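Quick note: the coordinates plus some simple rules give every number you see, no bench work behind them. Treat the numbers as computed from the prediction; the structure is a model and nothing was measured. Positions of Cβ are generated from backbone atoms using ideal geometry, with glycine treated the same way; all protein chains shown enter the neighbour counts.
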């Protein structure tokens, strides 16, 4: 599990005694905090996939920009004639996100409940 500085929120390296950003001492109790400012919501991502999957919104939200762009271009460049394909793709991914099969974003950060 990643550890973060209790003073500035910077991600700490394993075994670090001091924060590389602010210089604060990282005591054992302070370095085990679960604060993660970049953590995305599983529910938001899943609902984005179900309702806006044809536009790839859920993939953009999670940082998977290539997949999001592919879904967006399939819909827009076909004048939305092929958007049902992207919509089904988004629906399936939305269900997988809510079901816990997809549980990390593009940076490898675990999704919050």
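Only residues that are over 14 Å from residue 38 (Cα atoms) and under 18 Å from the mean Cα position of the chain (by Cα) were counted across region 2-19, and they come to 0.
Let's see how each residue does on (1) assigned to a loop (DSSP other than H, G, I, E, B); (2) without any contact (Cβ under 8 Å) to a residue 12 or more places away in the chain; (3) within 16 Å of residue 40 (Cβ to Cβ); (4) in contact with a helix residue (DSSP H, G or I) (Cβ under 7 Å, 6 or more places away or on another chain):
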residue	(1), (2), (3), (4)
61	no, no, yes, yes
67	no, yes, yes, yes
72	no, no, no, yes
75	no, no, no, yes
89	no, no, no, yes
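Flag: residue 50 does not match the condition of being surrounded by fewer than 15 Cβ atoms within 10 Å (Cβ to Cβ), touching a residue at least 40 places away in the same chain (Cβ under 8 Å) and either touching a helix residue (DSSP H, G or I) at 6+ places or on another chain (Cβ under 8 Å) or part of a strand (DSSP E or B) (or both).
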